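Please read the structure below before turning to the comments.
The values are calculated or read from the model by the stated rules, or taken from the named source; none is laboratory data. Because the structure is predicted, anything quoted here is derived from the model rather than measured. Note that each Cβ is placed from the backbone with ideal geometry, even for glycine, and that neighbours are counted across all protein chains shown. SASA here: full protein model, heavy atoms, side chains in, ligands and nucleic acids out. Shrake-Rupley method; radii C 1.70, N 1.55, O 1.52, S 1.80 Å.
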Amino acid sequence: MFTVPEQEAEVHNELVDYQNPLLRLKIWRITSDDMKSPVVATPSKFRWHYHKEVEFIAIIEGSLSVQTKHDTRMLQSGDVHVLGNSQLHRTKQESETLNYIVCQFDLAQHFDESTMPYLHYFSEIRRPLGLLNYIFSEHSDVQKQACAIIMDIFTESQTKQKGCELAITASIRRLLLLLLRNDTNGVLHGSESDELTRLQPALDYVEQHMAEKITIEQACSVLNLSYHYFIKYFKKVMGLSFVDYVNYKRIKKAERLLLTQDVSIVEVGQAVGIPNMAQFYKLFKRHNHCSPKEFKLRMKLES
């Protein structure tokens, strides 16, 4: 269970300071001694935070609980946990002695022309990467392999031998391949890369005009497609309708605003393009099974 002091309940947008800008990677070891340091403990200790990089946690010794919007997982020695792009989370030391590795990296940096068709599997447009943790829970052998790969990345980053960048990139690709080939639940399901590329201008348009009214006609105009062809094509590629996609993006932004800014629920609704409060509450409850106020309290108070 998490008991969070009120002053520490705010959310922090963590800007990752890459150890190697070319790899867009940061990997380091955290111990129980580090957790006692106020410098290390801030900003993430007990506090909700997020970052655009994917994060892998590998426990060497001790216990650490990781809480997200969906659940709390208790990690023990040998366990691995993945957190997706911009996924809200917080951690808590659960044992007197703790030793673990945190690995954060920008996924897109580790794909080239030959592997680019696989990038969309990890794009999280449809499902968050955090859903992949079932693999580690159900398959101890896969978790053991993942832990070994993360340790390889850590070792290479520390020793900095000649060619360490090649070794780290290769290890990251091995880690992604391990997830892709053991995802029996189909979390990493994607369309053909050229189909997603064709839709990208419409996806960018949604992102850039979130606070405004967005219509299917506008998206059609961006892609120069007919109305009926667009709605069928979008659902085929994305797995959900254009309207559902826009609403999903609006609610995700609303969640972020509720936890990161001191604004009213009315202001949040306006900021995400849903000024009608009845509609905003309805959509928010559909995605979170609670009201915006209940969501904010649930995320900030004891889980």
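In the stretch 5-37, the residue that is most open to solvent (accessible area, probe 1.4 Å) out of those that are more than 22 Å from the chain's Cα centre (by Cα) and either modelled with pLDDT under 85 or of a type in the set (Asp, Glu) (or both) is Lys36.
Identify all residues within the stretch 116-137 that are of a type outside the set (Phe, Trp, Tyr), open to solvent by 30 Å² or more (accessible area, probe 1.4 Å) and at pLDDT 80 or above; write none if there are none. Once the filter is applied, which keeps residues that are of a type outside the set (Phe, Trp, Tyr), open to solvent by 30 Å² or more (accessible area, probe 1.4 Å) and at pLDDT 80 or above, the stretch 116-137 yields Pro128, Leu131, Ser137.
Table: residues versus (1) touching a residue at least 60 places away in the same chain (Cβ under 8 Å); (2) open to solvent by less than 60 Å² (accessible area, probe 1.4 Å); (3) under 22 Å from Leu297 (Cα atoms); (4) not acidic (Asp, Glu).
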| site | (1), (2), (3), (4) |
| --- | --- |
| Arg181 | no, no, no, yes |
| Lys213 | yes, no, no, yes |
| Leu225 | no, yes, no, yes |
| Lys236 | no, no, no, yes |
| Asn247 | no, yes, no, yes |
| Lys252 | no, no, yes, yes |
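For the stretch 251-303, a residue qualifies if it is part of a helix (DSSP H, G or I), within 20 Å of the chain's Cα centre (by Cα) and not aliphatic (A, V, I, L, M), and the qualifying residues are Lys252, Lys253, Glu255, Arg256, Thr260, Phe284, His287, Asn288, Phe295, Lys296, Arg298, Lys300. In the stretch 95-113 there is no residue matching the filter, namely being touching a Cys at 6+ places or on another chain (Cβ under 7 Å), in a helix (DSSP H, G or I) and either of a type outside the set (S, T, N, Q) or crowded, with 17+ Cβ neighbours inside 10 Å (or both).
The numbered conditions (1) under 26 Å from Pro21 (Cα atoms); (2) at pLDDT below 95; (3) open to solvent by 50 Å² or more (accessible area, probe 1.4 Å) are all true for Leu177 except (2).
None of Cys290, Cys220 is without any contact (Cβ under 8 Å) to a residue 12 or more places away in the chain, buried (at least 17 other Cβ atoms within 10 Å of the Cβ) and not polar (S, T, N, Q) except Cys220.
Of all residues in the stretch 191-208, those satisfying the criterion of being open to solvent by 20 Å² or more (accessible area, probe 1.4 Å) and either in contact (Cβ under 8 Å) with a residue 40 or more places away in the chain or small (Gly, Ala, Ser) (or both) are Glu192, Ser193, Glu195, Leu196, Glu207. Of the residues making up the stretch 51-65, those that are surrounded by 22 or more Cβ atoms within 10 Å (Cβ to Cβ) and farther than 17 Å from Arg29 by Cβ are Glu53, Val54.
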